[in-house]
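Bear in mind these aren't lab numbers, they're just calculated from the coordinates by the rules spelled out. Just so it is clear, the structure is predicted and the values come from calculations on it, not from any experiment. For neighbour counting, all protein chains shown are included, and Cβ atoms are generated from backbone atoms with ideal geometry for every residue, glycine included.
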Ligand SMILES: Nc1ncnc2c1ncn2[C@@H]1O[C@H](COP(=O)(O)OP(=O)(O)OP(=O)(O)O)[C@@H](O)[C@H]1O
Ligand SMILES: [Mg+2]
């Protein structure tokens, strides 16, 4: 039985080797059909040719399988980035079956048919692998984008020589606060600043989780020799913090970002003439 | 003689992820605004909702939040019920102590919510789950 299978396999291998040009050409054609001209044919041909060769190598040498998987992952990744669907990508792989079958039919022999069944099963496995790596590739893209968004939504700005500020806007979840904290601490190091202002004017509610994140950031900044000022605590937030029982201890808090800046300037010995900090009333109540 | 109007359920929400905790907060805020709560009271109710929803998620692995509008004479109020089938709270007195946390929290969520709201009822049975019912009335 196993011997029989081996003979059939060899037969198909030989068929793949002898008809490379014909099969490859047909494969490219089939896998390009649903793409409606989105991929340049040459690209597809080059990609599929590499996969074809790796496929042949993997039949001789079991170690070749990892190279083949690598190429299939590359295919999934590049197609995911170009906006193809996972089925379109998997179909491109399944297309090899159809291409080979046309040559098996011409051959007509029993060995070729039996070998084709084996080949068909192998290609199914490869197609499913492509499907899985496609999903993984797409998840990776989404995670990357989410991280980029997080980065973008937490700008740490240098207000003055030695003073940096981060305005927090919107709902603070753990992931975001983590990013804010890391970025603020990094900016303190990069700019050699001694003062950090965390402005929470745009934060609609401060609960124990947000407070704990804030407290940790302030403590970490202190360990690095920097002073933190929290600004933008609006009346309703102040009420809530006090009722909740959160204590900010000896952390300096200021009503507005302008107050915090003039405080930090004064502390670092900068004279500011005629500065009368305004009290900005900003509303951002979207929970 | 006169029957109090039946409470009106506004939302029944599940709490199984951080995103859903945010949804609870947003719906609570919308309901509080609809009832005409002041900005300070809105913020207090939203913050209490945030605490209790997060407790449901973190300490019980998820559960449910119900938002209802209740009436007492001329006064209207918002009632929030957080229920779960989690491990329950063995010592309710301890859990309500300021600064006590079984994890690394500030331990102010439960006790603080009690202060933020007008009414606070904590029911819990170890091994069965926890139900926290809080109400705030308009002024
Ligand atoms: N739904 C719940 N199920 C089981 N245990 C709970 C539940 N809610 C609260 N607890 C217990 O009560 C304790 C006190 O809760 P509380 O919200 O005050 O503090 P915390 O959640 O630990 O920290 P934080 O101040 O960040 O909220 C918790 O540490 C937990 O052990
Ligand atoms: Mg809590």
Please say if the protein assembly as shown is rounded, prolate or oblate, where rounded means a/c under 1.5 for a ≥ b ≥ c the square roots of the C-alpha gyration tensor eigenvalues, and otherwise the choice is prolate for a/b larger than b/c and oblate otherwise?
prolate
Packing-based order for B:109-116, A:87-94, using average beta carbon neighbours within 10 Å, highest first
B:109-116, A:87-94
What residue among A:253, A:135, A:122 shows peak mean-square fluctuation when chain A is described by a Gaussian network model with Cα springs under 10 Å?
A:122
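Taking the Cβ-Cβ separation of residue B:9 and residue B:74 as r and a Förster radius of 22 Å, what is the calculated FRET efficiency to the nearest 0.05?
Details: r = 21 Å, r/R0 = 0.97.
Efficiency at R0 = 22 Å is approximately 0.55.
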Using a ≥ b ≥ c from the Cα gyration tensor of segment A:157-267 (square roots of the eigenvalues), is it rounded, prolate or oblate, where a/c under 1.5 gives rounded and otherwise the larger of a/b and b/c decides, a/b for prolate?
prolate
Just for the protein assembly as shown, what percent of DSSP beta bridges are antiparallel, to the closest 5?
70
Among A:197, A:218, A:270, determine the one that fluctuates most according to a GNM of chain A built with springs between C-alpha atoms less than 10 Å apart.
A:270
Angle between chain A longest axis and helix A:235-244 axis [Cα atoms, degrees, rounded to 10]
80
Expressed as a whole number, the average count of other chain Cβ atoms within 10 Å around the Cβ atoms of B:112-123 is 2
Residue A:113 to residue A:87: extension gain in nm, 0.36 nm per residue of separation minus the Cα-Cα distance?
6.7 nm
Label points 7 Å out from Cα along the Cβ direction at residue B:18 and residue A:33: separation in nm?
4.6
Shape call for segment B:98-139, from the Cα gyration tensor axes a ≥ b ≥ c (a/c under 1.5 means rounded, otherwise prolate when a/b beats b/c, else oblate), comes out oblate
Test of understanding: what is the full-extension gain from residue A:169 to residue A:7, defined as 0.36 nm times their sequence separation minus their Cα-Cα distance?
51.5 nm
With Cα coordinates, the longest principal axis of chain A makes an angle with the long axis of helix A:208-223, in degrees rounded to 10, of 80
Highest GNM mean-square fluctuation, chain A, Cα pairs closer than 10 Å: which of A:86, A:235, A:155?
A:235
Nearest-0.05 FRET efficiency for residue A:238 and residue B:93, computed from C-beta distance (R0 30 Å)
0.55
Would you please state which residues of segment A:12-33 a label at residue A:56 would reach in this model, taking the label point 7 Å out along Cα→Cβ and a backbone N cut-off of under 14 Å?
A:12-25
Helix B:18-34 sits off the longest principal axis of the Cα atoms of chain B, rounded to the nearest 10 on a 0 to 90 degree scale, by 20
Roughly how many nanometres apart are two label points built 7 Å out from the Cα toward the Cβ at residue B:115 and residue A:136?
5.1
Rounded FRET efficiency, nearest 0.05, which uses the C-beta distance separating residue B:138 from residue A:189 and R0 of 35 Å
0.10
Report the full-extension gain for the segment residue A:160 to residue A:65: residue separation times 0.36 nm, less the Cα-Cα distance, to one decimal in nm.
28.4 nm
What does the helix-only formula give at 222 nm for chain A: each DSSP H stretch with n ≥ 4 adding -39500 (n - 2.57), the total divided by the residues, and the result rounded to the nearest 500 deg cm²/dmol?
-22500 deg cm²/dmol
